[in-house]
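Reading through the structure tokens given below for one structure.
FYI, it's all coordinate maths here, none of it is from the lab. Since this is a predicted model, take the numbers as computed values, not measurements. Positions of Cβ are generated from backbone atoms using ideal geometry, with glycine treated the same way; all protein chains shown enter the neighbour counts.
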Amino acid sequence: MDSGSDSEEELGEGSEVQKNTMKKELSTMSFEDIQRLRDKIGTKTYNQALHGSNSKKDQNKVFKRANKNRPVEMSSKCPPPRIRQVVPVKKKIHRDPRFDDLSGEYDEKIFEKSYSFLDPMKAREKKYLEKQLRKEKDEDRRRNIQKLIRRMEQQERTKRQEDIKEKALKEWKAKEKELVKQGKKPYFLKKSDEKKLVLAQKFKELKKSGKVEKFLQKKRKKNAARDRKHLPTDS
């Protein structure tokens, strides 16, 4: 056992002597000669010959803490990561208030009431666009303005239809509630019944504004155009 350890020590001393000798030789060489030598034998071989190679034992060494309150030992030869989390920070969670339960439930009536000030603004904007359309001579700009006006008109129609539907269902529910109090069995509207109620309410609104005839004419034209489309054509 002693002879083995002695031979290892001799080998270690021999390699150390070789490294010292090489360092002395390199110290007398010019920078250009050292660079040529490194290029010739390779950087890895050059570094191993000059500094020695780390054994696998040193590379795989696991550092342990003698006390749990002490910091973990790290090898000075292994550079630490550039970004280290010294103090754990709670991850920020980004949320969209429109789709988060913490923001409460969406109530269409409250929403409309809160943003009712936008309706007169939209009306003023539409009048301004119509005025600009009459003045504008450029065809591309005219098309863009017309597109905006059509979009606003479509939004107005959709809003009117929603208001008519809401009013019709509200009136029906109030009547049905009274009938149930009088002993009538509750009735749940079908989609077809709902459509009939909405149509009846629409006629009421048109009658109030005196636009029934105009609506019927438009409806007749639409039906006539649809019928013509299905007529057989001459071959």
For this session: Mind scanning LYS23/LYS44; LYS147/LYS214; LYS122/LYS147 and naming the pairs with a C-alpha gap bigger than 19 Å?
Result: LYS147/LYS214
For this session: Pull out the extension gain between GLU205 and LYS219, defined as 0.36 nm times the separation in residues minus the alpha carbon to alpha carbon distance; nm, one decimal.
Result: 3.4 nm
Seminar exercise, completed: Most exposed first, judged by fewest Cβ atoms within 10 angstrom, TYR46, TYR128 run TYR128, TYR46
Seminar exercise, completed: Karplus ³J(HN,Hα) for the range 134-141 (6.51 cos²θ - 1.76 cosθ + 1.60, θ = phi - 60°; Hz, whole; x = Gly/Pro) runs 5, 8, 5, 9, 6, 5, 5, 5
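Which FRET efficiency value, to the nearest 0.05, is calculated for LEU102 and VAL198 with the Förster distance at 45 angstrom and r the Cβ-Cβ distance? Walk me through the intermediate numbers first.
Numbers: r = 36 Å, r/R0 = 0.79.
In this case the efficiency is close to 0.80.
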For this session: Please name which of SER192, GLY210, TRP172 has its Cα lying farthest along the dipole of the range 170-223 towards the positive end, using unit charges on Cβ (Lys, Arg +1; Asp, Glu -1) and the Cα centre as origin.
Result: GLY210
For this session: Round to a whole angstrom and tell me the spacing of the C-alpha centers of the range 79-141 and the range 165-235.
Result: 35
